[in-house]
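As structure tokens, the structure follows; a few thoughts come after it.
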Amino acid sequence: MEKTFGTLVRHLRLQKGDSLRGFAREVGLSANFVSNMERGKTPPPGEDKIVRMADYLSQNHDEMLALAGKV
């Protein structure tokens, strides 16, 4: 499977045991947006939301931003 921003977020979210709706609520996005992003149908959100995701998922900000193509 190709390692994209969305697939990484989905993997980390599931590893944490979080639901799509719960994760979306925690990072301030709609569940519909997160679902589409994880499936590669929507590009990653802005930098501030990516940093929130990285914090919530205990990941490095710079690595997540780079994978999302934001640096």
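The values are calculated or read from the model by the stated rules, or taken from the named source; none is laboratory data. None of these values were measured; they are calculated from a predicted model. So basically every Cβ, Gly included, is an ideal-geometry build from the backbone, and we count neighbours across all protein chains shown. Side chains are part of the model used for accessible areas, which takes the heavy atoms of the whole protein and leaves out ligands, DNA and RNA. Shrake-Rupley method; radii C 1.70, N 1.55, O 1.52, S 1.80 Å.
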For the chain, accessible area per residue (1.4 Å probe, heavy atoms of protein chains only), Å²: 61
Anchor LYS41: aspartates and glutamates whose Cα lies under 17 Å away (excluding residues fewer than 8 positions away in-chain): GLU2
Longest exposed-site-free window of the chain, the sites being trypsin sites (Lys or Arg not before Pro) in a DSSP loop that have at most 10 other C-beta atoms within 10 Å: 4-40
The chain: equivalent-ellipsoid semi-axes (sqrt of 5 x gyration tensor eigenvalues, Cα, Å): 16, 13, 12
Proximal aspartates and glutamates relative to LYS70, as straight alpha-carbon distance under 18 Å, when same-chain residues fewer than 8 apart are discounted: GLU38, GLU47, ASP48, ASP55, ASP62
Accessible surface of SER19 - all protein chains present, 1.4 Å probe, nearest 10 Å²: 60
